[in-house]
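Okay, structure first, notes after.
The values are calculated or read from the model by the stated rules, or taken from the named source; none is laboratory data. Keep in mind that this is a model prediction, so the values were computed, not measured. For neighbour counting, all protein chains shown are included, and Cβ atoms are generated from backbone atoms with ideal geometry for every residue, glycine included. Side chains included, ligands, DNA and RNA excluded: accessible areas come from the protein's heavy atoms. Shrake-Rupley method; radii C 1.70, N 1.55, O 1.52, S 1.80 Å.
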Amino acid sequence: MANLWSGRFEKEMEDIVAQFNASIPYDQKLYACDIQGSIAHVTMLAKQGIINDDEKDKIIATLKKIKDRIAAGEVEFSIRQEDIHMAVEGLLIEELGDVGKKLHTARSRNDQVAVDTRLYMKEQIREILESLFFMERVLLEKAEQYADSLMIGFTHVQHAQPVTVGFHLMAYFQMFKRDIERLQDAYDRMNYCPLGSCALAGTTLPIDRNLTSDLLGFKAPTENAMDSVSDRDYLIEFISAASISMMHISRLAEEFVWWNSQEFSYIAIDDSYCTGSSIMPQKKNPDMAELLRGKVGRVYGNLIQLLTVMKGTPMSYNKDFQEDKEGLFDTIETWKSSLRIFAKMMEKTEFRLDMIAQHMKKGFLNATDIAENLAKLGMPFREAHEVVGKMVKFCERHNKNFEDLTGAELQEIDSRLTPDKLSDLSIAGCVNARTSFGGTAPPEVRRQISAGQNWLEAQENTLSETR
Ligand code: ARG
């Protein structure tokens, strides 16, 4: 089969060249967007009198048929078609002959691939936003369920201060909230139409780029044709946003793995989200959490791959850019499936509050509270810190908790210490007292939850309104 560009060639491509050159094995995903772009393009060509209405109608009807045939799996693609753009155009010409050959007027594959990818990304971003919203909804529900449940707060993986499970989960709500905002931001920046930029410099034909931009649902046409065919920033931004979000997923997954361990036993992951061992009959492994922790690796890889592909490429289009797609598609799939799996696994995860309570007895979680109470009574905080540090040393030496210290022992530690100065030492008391804005006291966590619910609802409404 001769290529659509074969006019100036005397020889056909060798097979290994055709193989190496082709993107059709993976860019066929773009077929619907490619056809959507072509329909807008010929609509505009007819409106501008560049082709006639009869030609336009024939092209559009045939493109729709081709789309249905591809969707039904009736089209077998070949390496010789090179990419999805030439495959669709070739099918059109096969059906319509000379009329089909008019489609590529005032257009190049360079602006075509750019518009196809942006259309595809706009759809995919909407789906990923929906998955992020689902994740957020589950976090809000679980945070609500555990708003009063005591939990150990760590720094350096050391017992630090008591918090609630709801508070801990709301920390992740904030991370995914920023992920959503980053993605919305990337969406807004990619919402410009490159179609009509042609090969790199625009065209002598009287096209109307505002019309194609409107027809395709973009905010406006891109400003500079050379930039439009050379720009892959929007994909790099998308994969960066994905990398950050996958890092958040990985952090929460890591917590799930150790919370689920024998040593911690803070949670019980549902059987349906775990696997067994082929040799050790007793095992129930948190494989989903481990995979979720590890999936971030490929997304970081995809980010560095694309940054490296783009580095040092001169203006304007270069074939290097074809290397943008496989990592992109992998990123989309990985991010989407990770969010869905995690949200569903979390829905089915129960916190084992009895086990958490057991662990809470260790580690002097209320030490800061005693120091803060001494500060409230007038002792400079640095001194209070020192005094409570001595209490810890004493307790460790004598294998005691703060609660066990007698008045005489307190006096021995520091003459200013009396039992009445120790305030409410209970863990619940410590948590309830952290009422500062953003703190862990249950009413404050409930405020965070309700602010989160309002915010999420607004995002969900905006997304459905722009459908
Ligand atoms: N398959 C190509 C890509 O993905 C389409 C653009 C090809 N343009 C060209 N002038 N060879 O980048």
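Within region 346-366, can one find any residue that is part of a helix (DSSP H, G or I) and either within 16 Å of the ligand (Cβ to nearest atom) or under 30 Å from the mean Cα position of the chain (by Cα) (or both)?
Filtering region 346-366 for residues part of a helix (DSSP H, G or I) gives 346-347, 353-360.
Filter again for either within 16 Å of the ligand (Cβ to nearest atom) or under 30 Å from the mean Cα position of the chain (by Cα) (or both), leaving 346-347.
Yes: one or more hits.
Those residues that are at pLDDT 90 or above and assigned to a loop (DSSP other than H, G, I, E, B), I need them from region 402-425; list them, please.
Leu405, Thr406, Asp414, Ser415, Arg416, Leu417
What number of residues in region 282-333 are within 16 Å of the ligand (Cβ to nearest atom) and acidic (Asp, Glu)?
Of the residues in that region, 5 qualify.
For region 307-324, name all the residues that are open to solvent by 10 Å² or more (accessible area, probe 1.4 Å) and either of a type in the set (Val, Ile, Thr) or part of a helix (DSSP H, G or I) (or both). Walk me through how you get there before you give the answer.
Here is the first cut: in region 307-324, the residues open to solvent by 10 Å² or more (accessible area, probe 1.4 Å) are 307-320, 322-323.
Leu307, Thr308, Val309, Met310, Thr313, Lys319, Asp320, Gln322, Glu323 - these are the residues of region 307-324 that are open to solvent by 10 Å² or more (accessible area, probe 1.4 Å) and either of a type in the set (Val, Ile, Thr) or part of a helix (DSSP H, G or I) (or both).
Tell me, please, whether a residue that is open to solvent by less than 30 Å² (accessible area, probe 1.4 Å) and either under 20 Å from Cys198 (Cβ atoms) or of a type in the set (Asp, Glu) (or both) can be found in region 4-11.
In the first step, residues of region 4-11 are kept if they are open to solvent by less than 30 Å² (accessible area, probe 1.4 Å); the result is none.
Within region 4-11 (the criterion being open to solvent by less than 30 Å² (accessible area, probe 1.4 Å) and either under 20 Å from Cys198 (Cβ atoms) or of a type in the set (Asp, Glu) (or both)), the answer is no, since none of the residues qualifies.
Quick one: how many residues across region 39-69 are in a helix (DSSP H, G or I), out of contact with any Asp or Glu (no Cβ under 8 Å at 6 or more places or on another chain) and of a type in the set (Gly, Ala, Ser)?
Count: 2.
Within region 41-49, is there a residue that is closer than 24 Å to Asp214 by Cβ, without any contact (Cβ under 8 Å) to a residue 24 or more places away in the chain and either of a type in the set (Gly, Ala, Ser) or surrounded by fewer than 17 Cβ atoms within 10 Å (Cβ to Cβ) (or both)?
At the first step, the residues of region 41-49 found to be closer than 24 Å to Asp214 by Cβ are 41-49.
Now restrict to residues that are without any contact (Cβ under 8 Å) to a residue 24 or more places away in the chain: 46.
Right, trim to either of a type in the set (Gly, Ala, Ser) or surrounded by fewer than 17 Cβ atoms within 10 Å (Cβ to Cβ) (or both) and you get 46.
Yes.
Return the total of residues in region 73-87 being within 15 Å of the ligand (Cβ to nearest atom) and either among the aliphatic types (A, V, I, L, M) or touching a Cys at 6+ places or on another chain (Cβ under 8 Å) (or both).
Going through region 73-87 one residue at a time, the tally reaches 4.
Which one of these is crowded, with 24+ Cβ neighbours inside 10 Å and more than 16 Å from the ligand (Cβ to nearest atom): Leu150, Leu91, Leu139?
Leu139
Is it true that some residue in region 256-268 is closer than 25 Å to His168 by Cβ, at pLDDT 95 or above and within 17 Å of the chain's Cα centre (by Cα)?
no
Is at least one residue of region 102-109 within 14 Å of the ligand (Cβ to nearest atom), over 28 Å from the mean Cα position of the chain (by Cα), assigned to a helix (DSSP H, G or I) and modelled with pLDDT of 95 or more?
Just the residues of region 102-109 that are within 14 Å of the ligand (Cβ to nearest atom), to begin with: 104, 107-109.
Checking which are over 28 Å from the mean Cα position of the chain (by Cα) leaves us with 104, 107-109.
Subset that is assigned to a helix (DSSP H, G or I): 109.
Adding the requirement that they be modelled with pLDDT of 95 or more leaves 109.
Taking every residue of region 102-109 in turn, at least one turns out to be within 14 Å of the ligand (Cβ to nearest atom), over 28 Å from the mean Cα position of the chain (by Cα), assigned to a helix (DSSP H, G or I) and modelled with pLDDT of 95 or more.
Kindly state which helices (runs of 4 or more DSSP H) lie completely within region 192-306 and contain at least 1 residues that are closer than 26 Å to Thr331 by Cα and open to solvent by less than 20 Å² (accessible area, probe 1.4 Å). Steps first, please.
Numbers: elements: 209-215, 225-230, 233-259, 287-294.
Per the criteria, 225-230, 233-259, 287-294.
When you go through Ser436, Ser450 one by one, which is the residue that is under 39 Å from the mean Cα position of the chain (by Cα) and open to solvent by less than 60 Å² (accessible area, probe 1.4 Å)? If you could, list the steps in order and put the result at the bottom.
Details: Ser436 fails: open to solvent by less than 60 Å² (accessible area, probe 1.4 Å).
On inspection, the qualifying residue turns out to be Ser450.
Would you mention how many residues in region 193-221 are within 28 Å of the chain's Cα centre (by Cα), on the phi < 0 side of the Ramachandran plot and in contact (Cβ under 8 Å) with a residue 40 or more places away in the chain?
Number of matching residues: 5.
Would you say Gly97 is of a type in the set (Gly, Ala, Ser) and either assigned to a helix (DSSP H, G or I) or within 16 Å of the ligand (Cβ to nearest atom) (or both)?
Values: of a type in the set (Gly, Ala, Ser): yes; either assigned to a helix (DSSP H, G or I) or within 16 Å of the ligand (Cβ to nearest atom) (or both): yes.
Against the criterion (of a type in the set (Gly, Ala, Ser) and either assigned to a helix (DSSP H, G or I) or within 16 Å of the ligand (Cβ to nearest atom) (or both)), Gly97 qualifies.
Restricting region 13-38 to residues that are open to solvent by 40 Å² or more (accessible area, probe 1.4 Å) and among the β-branched types (Val, Ile, Thr), which is nearest to Leu205 (Cα to Cα)?
Val17
If we keep just the residues of region 110-136 that are in contact with a helix residue (DSSP H, G or I) (Cβ under 6 Å, 6 or more places away or on another chain) and hydroxyl-bearing (Ser, Thr, Tyr), which is farthest from the ligand (Cβ to nearest atom)?
Ser131
Just to check your reading of the model, which residue among Arg118, Arg126 is under 13 Å from the mean Cα position of the chain (by Cα) and assigned to a helix (DSSP H, G or I)?
On the way: Arg118 fails: under 13 Å from the mean Cα position of the chain (by Cα).
On inspection, the qualifying residue turns out to be Arg126.
In region 52-66, what count of residues is obtained for those that are open to solvent by 10 Å² or more (accessible area, probe 1.4 Å) and in contact with a Ser or Thr (Cβ under 8 Å, 6 or more places away or on another chain)?
Adding up the residues that qualify gives 2.
So, Ala32, is that one closer than 17 Å to Val75 by Cβ and more than 14 Å from the ligand (Cβ to nearest atom) or not?
Working: closer than 17 Å to Val75 by Cβ: yes; more than 14 Å from the ligand (Cβ to nearest atom): yes.
When the stated conditions are applied, Ala32 passes them.
Given the conditions (1) farther than 19 Å from Ile269 by Cα; (2) open to solvent by 20 Å² or more (accessible area, probe 1.4 Å), which single one is not true for Lys348?
Status for Lys348: all satisfied but (1).
Provide a single number: the residues in region 135-161 that are more than 12 Å from the chain's Cα centre (by Cα), among the hydrophobic types (A, V, I, L, M, F, W, C) and within 26 Å of Arg182 (Cβ to Cβ).
Total meeting the criteria: 4.
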